[in-house]
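Comments concern the structure below.
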Amino acid sequence: MAELNNSDIKIVTKDVNLFYGDNHALKDVTLDILSNKITAFIGPSGCGKSTYLKTLNRMNDIVPNVKISGKVLLDGEDIYENGVNVTYLRKKIGMVFQKPNPFPMSIYDNVAYGPRVHGIKSKARLDEIVENSLKGAAIWEETKDRLKQNALGLSGGQQQRLCIARAIAVEPEVILMDEPTSALDPISTLKIEELMSQLKEKYTVAIVTHNMQQAARISDYTAFFLVGEMIEYGETQQIFSRPKNKKTEEYITGRFG
Amino acid sequence: MKALQTNNASNLKIKQHRFVEILLKIFIWVCALLTVSFVVGIIIYILVKGIEGMSWNFISTPAAAYPVENYGILGNIVNTLYLIVITLVIATPIGVGAAIYLTEYAKQGRLTKIIEFTTETLSGIPSIIYGLFGSVFFYSVFKLNYSILAGSLTLAIMILPIIIRTTQESIKTVPIMYREGAMGLGATRWYMIRTVILPCSIEGILTSVILSIGRIVGESAALIFTAGLAYNLPNITGIGDIFKKAMDQGASLTVQLYQYAARGGEEMKYAFSTALVLVIVVLIINVLTKIIARGFKKVK
């Protein structure tokens, strides 16, 4: 792991433990997420990869009976410290979910939702943000003539790109993606993957995926999770060609999962 | 095939099953038919009995002081409208607020269970008890005397469970992924409720309001002791008088029906005419509910 330290570290997690009631869902997870890279979290269902992702922007806070210990540092600042403004944190760390979840409102209002949350009211400014965000999510051409139409009329793949546009509209620094293509067809998946490669130029991207080929294709770093533990973490190429841990090897060669 | 043909015992069983099934089917048909015929029967009965006293004069003029011979229900129609508006203005915000609290803010546990149980119990209490309570509490303690306001406050308590329960149910159907989406963008809970949850559950809230209107229009027992028996039109000469009317007595259509029926004799036919008006209003409300519900489904 020594070679990782040279790059710019965006998020540090140290000894993160998470309990859902009595269920020990994350066990001493320590890993660093690097700026302007795509970091993928892989592992079988229930291994804690999504849970881990959600600790990074405190989305687990809304789940009742959750206990979290350890440190999560964003640019050196502990996001679980008392007095941290969760609204501001989530502005910095945006999220895209497994199922496309545009709100049942117009395409425009969907993208403008985040900026409005953070107090932007000027119509001209919002217009500009909406256009730039939709362009950034590679969906502007398809939507520019129907910004006032209901977002639920879009196809699944378009909806997910809209959700990405919605996420980048608040100018986050990090984008978390929780299996963003698992509900999409192959062509839409491809589009989203292309988009991710573009996104990492401006943002730090962390993605949970079920699809190992996807992790291998798009990510720079990969972490393998198993029953709440982070088993192995390293450059994607190394993880997939020369895994150090036996379990990682078994998983990526398809012996379980 | 052969096995089936030769096995007489099982053939017999199949026949028995079929016989039971036909019997059950007939039974269910009779039940359904009875229900429909009750409803249709009542409507026809009221129509026939009510048409006699019905006239344009009956619905367009207020009754003149008894025993002067003018029978009209315009005053009562106005009173009923007052009751509907004031009751809803009081109960809707409280009910929707309570529903939001229960589903979005309160920690799900014993307290919310107790509150939900209480609301449910509240909706099962006979309305005359609300009337009794209202007459003591609002009439005497709050010194509202017999007034439309006292009646509305009593009705407001009565319809709260409808509004709370219906709104709660519709808030619960808002997909969790909308909440996650909003929270993930940094929205505070209240911002999320205002911009996502409430717009998504507006259908349920509207349904609860319409159901409540039905309940208000149909209520009599809770009003006799609280809103009084007056049937005159408000004497409106300025804007202030519109509000002052709330402090006057006012019998709703149902209470007026009760008065006509209680006096009996010649006035019985006016009781039926009032009933006819009520039935038509209730029908309209039902149709309205259906149309609104369908309209929302189309939008979704």
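Nothing in this text is a laboratory measurement; each read-out follows from the coordinates by a stated rule. Keep in mind that this is a model prediction, so the values were computed, not measured. With ideal geometry, Cβ positions are generated from the backbone for all residues, glycine too; neighbour counts draw on all protein chains shown.
Worth pointing out:
- Among B:90-100, B:13-23, the order from most to least packed when residues are scored by Cβ within 10 Å on average: B:90-100, B:13-23
- For A:S106, distant residues with modelled amide H under 5 Å away: A:A151
- DSSP beta bridges confined to chain A are antiparallel in about 60 percent of cases.
- Segment B:T188..B:V287, full-extension length gain: 31.8 nm, with 0.36 nm per residue of separation and the alpha-carbon distance subtracted.
- Here the average projected area of the convex hull drawn through the C-alpha atoms of chain B stands at 26.2 nm².
- Applying both filters, DSSP loop and at most 12 other Cβ atoms within 10 Å, to the GluC sites (Glu not before Pro) of segment A:1-99 gives A:E81.
- Computed label-point distance, nm, for sites B:W29 and A:Q149 using a 7 Å Cα→Cβ extension: 5.0 nm
- In nm, spacing of pseudo-spin labels at B:R110 and A:D127 (7 Å Cα→C-beta vector): 5.9 nm
- For B:Q108, the shell of other residues with beta-carbons less than 12 Å away shows a net charge of +2, using +1 for Lys and Arg and -1 for Asp and Glu.
- Label-to-label distance, B:S123 versus B:V40, with points set 7 angstrom from Cα along the beta-carbon direction: 3.1 nm.
- Taking the centroid of alpha carbons for each part, segment A:186-240 and segment A:41-80 are 18 Å apart.
- With eigenvalues of the C-alpha gyration tensor scaled by 5 and rooted, the protein assembly as shown, Å: 62, 32, 23
- Annotation for segment B:102-151: trypsin sites (Lys or Arg not before Pro) lying in DSSP loop with at most 14 further Cβ atoms inside 10 Å of their Cβ are B:K107, B:K143.
- Potential lengthening between A:E77 and A:S241 on full extension [0.36 nm per residue; Cα-Cα distance subtracted]: 55.6 nm
- The peptide list B:284-294, A:223-233, put in order of mean Cβ contacts within 10 Å with the highest first, becomes A:223-233, B:284-294.
- Folded to 0 to 90 degrees: helix A:123-136 orientation relative to chain A principal axis, Cα: 50 degrees
- Mean separation of Cα contacts under 8 Å, 6 or more apart, over the residue count of chain B: relative contact order %: 25 percent
- Take each residue of peptide A:164-176, count the partner chain Cβ atoms within 10 Å of its Cβ, and average: the result is 1.
- Taking the average, over residues, of other Cβ atoms within 10 Å as the packing measure, peptides A:206-218, B:40-52, B:258-270, B:157-169 rank B:157-169, A:206-218, B:258-270, B:40-52 from highest down.
- Shielding of B:185-197 by partner chains, average beta-carbon count, 10 Å: 5
- In chain A, the DSSP-assigned H stretches of four residues or longer account for a calculated mean residue ellipticity at 222 nm of -10000 deg cm²/dmol, using -39500 (n - 2.57) per stretch and the full residue count as denominator.
- Counting only other chain Cβ atoms within 10 Å of each residue's Cβ, the peptide A:99-106 averages 5.
- Remark: the A:S182-A:K27 segment gains 53.2 nm on full extension, using 0.36 nm per residue and subtracting the alpha carbon distance.
- Share antiparallel - DSSP beta bridges, segment A:118-257, percent rounded to 5: 55 percent
- Each helix, a run of at least 4 DSSP H residues, gives -39500 (n - 2.57); summed and divided by the residues of chain B, these come to -23500 deg cm²/dmol at 222 nm.
- Kirkwood hydrodynamic radius computed over chain A comes to 18.8 Å, based on all pairs of distinct alpha carbons.
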